[in-house]
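A quick write-up on the structure given underneath.
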Amino acid sequence: MFFSDKAKGFFVEQNDHTVLLARTSTPVAPFVIEDMRECPAKNPAALEEAVSQIQGARKNPTGYLHATVAVYPAKRLLRRHSLELKRVKETGYFAELCSQQFRIEQDQYTIAILNAADGTDFDVTKAAQKDVLFCGLPTEDANAIQNSLLESGIYPERIELGGIALLGGLVDYLSFIKSKTPTLALEIGAEATHSFIVTANGVEASRPVPLGLDAMVPIVQKELGLKDEESARKLFYSNTFDFTGMGPLLIKRLLKELQSSIGFYEVQTGQSVGQLLSVQLPPTLSWLDAAIASSLGITGLKLDLPGWTQSRQITFAESLAQNAQDPRWFGLLSLMAQHDSVHATAVEEKK
């Protein structure tokens, strides 16, 4: 696709809680992020307004916001697995893996396989790397997401799983800051949590946990003596009550699963997970990141977003200084970044 000199770039991330939108000076870096907007998920009126605001006065002749879109569907597949390289050319091998390891039917999913170390496409004919990421979603859901985006006034030039961009961005960021510390990355959704252990060398472990924020609502109801779960839900997601003291109780079940995953990884590799990055949390629940990190005995990863994006030839407009410090935008920024080029800082070091 060819773009005029005045063409803008648009990026959208949809998760369980929020829709994030950004406009850039050009579709491909180097560019300046000119505007950033957000609205609650599952609120068509708010999304329509955000789309209109991010487009500005000059709208596309088609009437749609043409954007690169990241999504986090409930039934997404994002799992690391070590292949038996001798079997990759066997008919039915991948279908067997999907059924036995991931409990899905391959013919009902749209699936891509990436090398876990660098995110490149896995080549069955060469099969040089055994550690891969299975990425996908039900084909039916993919069609529904595309239709939903169109109904919202967004024409997806590209749709990808948000977790792929996020993991690629995190691997790249750890390399940028020269960190050798294994990092626990959590996509905490409403119904489930996807956990990953990541280093600068790639994605080293993954595990879906069937516990999300909604699992904490009944505990809130019980502890506060509320009459029903809906009242507990509204209070939990609001900013009118301080739940930090209740944090250890709310995350107890999730913590047990995370400790199991971390323990297995540490025994297998001899490396200790030392930091945490939680994404998708709405602003009212951002305290959960610190609660989980504290309970695990690790630290939260402090992101230098402006420094990292600048290494990727992405800069923020002065009016977006506050957004540039907010880790909730890391996934969308990762969607913008091109990881097939070296960091500007690395180039400078070689001079």
For region 315-346, how many residues are more than 19 Å from the chain's Cα centre (by Cα) and either modelled with pLDDT of 90 or more or part of a helix (DSSP H, G or I) (or both)?
11
Which numbered condition Arg37 fails, given (1) open to solvent by 60 Å² or more (accessible area, probe 1.4 Å); (2) modelled with pLDDT under 95; (3) of a type outside the set (Phe, Trp, Tyr)
(2)
Please enumerate the residues belonging to region 10-27 that are assigned to a loop (DSSP other than H, G, I, E, B) and among the charged types (D, E, K, R).
Asp16
Only one of Glu223, Glu204, Glu230 is acidic (Asp, Glu), more than 28 Å from Ala50 (Cα to Cα), open to solvent by 40 Å² or more (accessible area, probe 1.4 Å) and in a helix (DSSP H, G or I), namely Glu223
Enumeration of residues in region 295-316 that are in contact with a helix residue (DSSP H, G or I) (Cβ under 8 Å, 6 or more places away or on another chain), open to solvent by 40 Å² or more (accessible area, probe 1.4 Å) and small (Gly, Ala, Ser)
Ser295
Single condition Ile111 does not satisfy, out of (1) at pLDDT below 95; (2) among the β-branched types (Val, Ile, Thr); (3) within 30 Å of Thr18 (Cα to Cα)
(1)
Members of region 174-188 found to be surrounded by fewer than 21 Cβ atoms within 10 Å (Cβ to Cβ) and either in contact with a strand residue (DSSP E or B) (Cβ under 6 Å, 6 or more places away or on another chain) or closer than 17 Å to Ile251 by Cα (or both), listed by number
Thr181
I'd like the full set of residues that are among the hydrophobic types (A, V, I, L, M, F, W, C) and either surrounded by 15 or more Cβ atoms within 10 Å (Cβ to Cβ) or under 23 Å from Thr125 (Cβ atoms) (or both), limited to region 74-90.
Leu77, Leu78, Leu83, Leu85, Val88
Any chance you could count how many residues in region 152-183 are part of a helix (DSSP H, G or I) and touching a residue at least 40 places away in the same chain (Cβ under 8 Å)?
14
Reported set for region 265-283 where residues are in contact (Cβ under 8 Å) with a residue 12 or more places away in the chain and either of a type in the set (Lys, Arg) or open to solvent by 40 Å² or more (accessible area, probe 1.4 Å) (or both) is Thr269, Gln271, Ser272, Pro283
Being under 30 Å from Ala128 (Cβ atoms), touching a Pro at 6+ places or on another chain (Cβ under 7 Å) and surrounded by 13 or more Cβ atoms within 10 Å (Cβ to Cβ): is that true of Tyr93 here?
no
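The values are calculated or read from the model by the stated rules, or taken from the named source; none is laboratory data. Given the structure is predicted, the values throughout are model-derived calculations rather than measurements. Here the Cβ is made from the backbone with ideal geometry for all residues, glycine too, and neighbour counts use every protein chain on show. Accessible surface areas use protein heavy atoms only, side chains included; no ligands, DNA or RNA. Shrake-Rupley method; radii C 1.70, N 1.55, O 1.52, S 1.80 Å.
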